[in-house]
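The values are calculated or read from the model by the stated rules, or taken from the named source; none is laboratory data. These figures come from a predicted structure and were not determined experimentally. Neighbour counts are summed over all protein chains in view; Cβ atoms, including those assigned to glycine, are modelled from backbone coordinates with ideal geometry. Calculation scope for accessible area: heavy atoms of the full protein, side chains included, ligands and nucleic acids excluded. Shrake-Rupley method; radii C 1.70, N 1.55, O 1.52, S 1.80 Å.
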Amino acid sequence: MTPERLPWEIVETLPSSDRALIDTWNRRVEVASDVGDRVTALVGRALACYWASATGATDDSWADSAQRRCDDTRLALELARSTADPELIATALLGGLYARWGPPETEERRVVLDELERLRPTVRDQETRLRIVEWQVLDRFDVGDLAGVRHGIARFLTEAAGLDSKLFARREVLWRANLEMLEGDLDAAVRLNEEAIASTADLAGSPFSFQNVAITMAIAMYFRRGLGDVLDAIRSIRASSPRVEANWDVGLAFALSEVGQLDEARTRFEALACDRFAIVPRDLNWLVSMQLLGLIAVTLDDRVRAAVLLEELRPYGALDSTHGSGYASYGPVGRVVGLLADAVGEHDEAARCFTWVLDHRDPGPWTTLTRLDRARSRARRDPAAALVDAEQAEVELRRFGLDVRADDARDLASRLRLEGHGGPVAQLREGVWTFIHPAGRVDVPEGVGVRYLCRLLQRPGEPIDVMDLDDRMDPSVPRSSSVESSIDPDARAAYRRRLAELEGQPPDASGVDEERQFIRRELAGAAYFPTGSREIEKARVRVTRAIRRAISSIGD
């Protein structure tokens, strides 16, 4: 990389901050001959130094390095404003966004983005204009505004027209992949990631490294409860990524906790938790890492650390946790804040957090998991509301193809029903049927009569053929059974015609009431009897007796 071009990608993608590159930008700051050169040099040095403390390129702590970068970009902005040159001002503003990229100060960032948007039409450099739009897309991902993301992607494509750059062209693909994931099409998200990586694999410093695919696959596996399948990949990436080793330590601990390897997960979590998780640098990955640590604390039932993480994450509860420039999302921070609050007994805060997410986030897997989390949180204090959440969560999760998590929602709903909440329930477990109804609760042994009864109860008001109930019936027997009345059809028709005539006469007419009552008694008392094959009639009797025995058993 030559110093003539600002090293924007260092912050997002390059594997390290090179000492020689830092020295080059230091010299450019020292020899800058005019304001424009000095602004560019200060921004370049801030970018080149972003990962310096993480890789050992300098002896500064992360906090000291962050302060130096902040000082450089603030001075650059002061100098740029003195020239009133929109190109320089935009460069300095972008430099501040990149160099201070960390726990998001959304209000401050919004002010910067608003100014950049006003400057964008006057900026000549196409790459600078594209980076302005890129930050706008990231900001929309961070606040969960998917409509805003789509609008930003369309603007990015318009701005990128005619630019021959695979790296910029692929950004749009990865953004769309993240949208697919957020909306619930996990397979499309993984496929788009793989396509984007394959198309840029030969480019040095590509921002679409294999880690993006690994992260997207891990999120998909998390939704499907299959993180055990990517544990080896996570271990491998952690070993090969010293710059972000702490972040991958968090990812590994999280995966271990999710697949039930709690001893190793707890050991790694303890190592990360020292001094309020100070080992996790406040870089662009901080919010993602802290969110995963929050989920680990909940799984491990570590209430002391949960309280610490709640305090750290609470200020960001209205944001989504976004990876990189919007290439993946770990869901609403408010969901994790709610889980942490619930874990430490702050149930009212938990309820507010869950409800806020459900009220403000678009439908998708993360939103539905929040609904399931709220159901679990409500289960003891408001079981009827918890049942509604669990039932809705199951429907939504099955629509996304997340059957394992849907089964979790179903099991919670079943437990709440068995506790007497919701409507009538019939459930078979270990050879015993449990019936719950407003009239009471009963357990009866499993048997054919109870099984027949449950099949009828599943389809109230529907006619059900006896052959569909009795599995002992020979399926080759013709379904020729019918029901006939003891009154001749012609006589029945005559009775009905006469009754219609009588209905039109005054009630006090001579003999009308008596005749009307006689016809009604005849029609109501007509016996019905089945006709058909002997086998079907035997089955009808057998099934009826079994159902009556089951009803008697329940009644007893």
### Query
Which residue pairs have Cβ atoms closer than 8 Å, lie 6 or more positions apart in sequence or on different chains, and pair a first residue in segment 454-468 that is without any contact (Cβ under 8 Å) to a residue 60 or more places away in the chain and over 14 Å from Thr544 (Cβ atoms) with a second residue that is open to solvent by 40 Å² or more (accessible area, probe 1.4 Å) and among the basic types (Lys, Arg)?
Asp468/Arg455
### Query
Mind checking whether some residue in segment 349-361 is touching a residue at least 60 places away in the same chain (Cβ under 8 Å) and under 28 Å from Gly317 (Cα atoms)?
yes
## Note on the structure
Of those in segment 426-463 that are in contact with a Ser or Thr (Cβ under 7 Å, 6 or more places away or on another chain) and open to solvent by less than 40 Å² (accessible area, probe 1.4 Å), the residue modelled with the lowest pLDDT is Gln427
### Task
Output yes when any residue across segment 337-351 is hydrophobic (A, V, I, L, M, F, W, C), under 30 Å from Ala99 (Cα atoms), touching a helix residue (DSSP H, G or I) at 6+ places or on another chain (Cβ under 6 Å) and at pLDDT below 95, and no when none is.
no
### Task
Within segment 398-425, track down each residue that is open to solvent by 50 Å² or more (accessible area, probe 1.4 Å), in contact (Cβ under 8 Å) with a residue 24 or more places away in the chain and either assigned to a strand (DSSP E or B) or of a type in the set (Asp, Glu) (or both).
Glu419
### Residues of segment 177-190 classified as surrounded by fewer than 18 Cβ atoms within 10 Å (Cβ to Cβ) and either under 19 Å from Gln211 (Cβ atoms) or among the hydrophobic types (A, V, I, L, M, F, W, C) (or both), total
1
### Summary
Of the listed residues (Thr128, Thr106, Thr122, Thr83), the one being open to solvent by 30 Å² or more (accessible area, probe 1.4 Å) and within 20 Å of Ala41 (Cα to Cα) is Thr83
### Message
Just to check your reading of the model, which residue among Ala385, Ala413, Ala426 is of a type in the set (Gly, Ala, Ser), within 26 Å of Glu183 (Cβ to Cβ) and touching a helix residue (DSSP H, G or I) at 6+ places or on another chain (Cβ under 7 Å)?
### Response
Ala413
### Task
Kindly check whether there is at least one residue in segment 360-373 that is assigned to a helix (DSSP H, G or I) and in contact with a Cys (Cβ under 9 Å, 6 or more places away or on another chain).
yes
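Condition test on Ala328, is it within 22 Å of Asp187 (Cβ to Cβ), among the small types (Gly, Ala, Ser), crowded, with 18+ Cβ neighbours inside 10 Å and in contact (Cβ under 8 Å) with a residue 40 or more places away in the chain?
So Ala328 passes the test.
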### Task
Specify the residue that is most open to solvent (accessible area, probe 1.4 Å); the eligible residues are those in segment 132-176 that are touching a Gly at 6+ places or on another chain (Cβ under 7 Å) and within 19 Å of Pro104 (Cα to Cα).
Arg140
### Query
Quick check: anything in segment 315-328 at pLDDT 95 or above and farther than 17 Å from Val143 by Cβ?
no
### Task
Please specify each residue of segment 28-47 satisfying the condition of being touching an Asp or Glu at 6+ places or on another chain (Cβ under 6 Å) and either among the aromatic types (Phe, Trp, Tyr) or open to solvent by less than 10 Å² (accessible area, probe 1.4 Å) (or both).
Leu42, Ala46
### Query
Mind checking whether some residue in segment 490-513 is in contact with an Asp or Glu (Cβ under 9 Å, 6 or more places away or on another chain), loosely packed, with under 11 Cβ neighbours inside 10 Å and modelled with pLDDT under 85?
yes
### Task
Check Arg378 against each of (1) in contact (Cβ under 8 Å) with a residue 24 or more places away in the chain; (2) closer than 30 Å to Asp187 by Cβ; (3) open to solvent by 30 Å² or more (accessible area, probe 1.4 Å) and name the one condition it does not meet.
(2)
### Message
Among the residues of segment 363-383, are any within 24 Å of Gly420 (Cα to Cα), modelled with pLDDT under 95 and among the basic types (Lys, Arg)?
### Response
yes
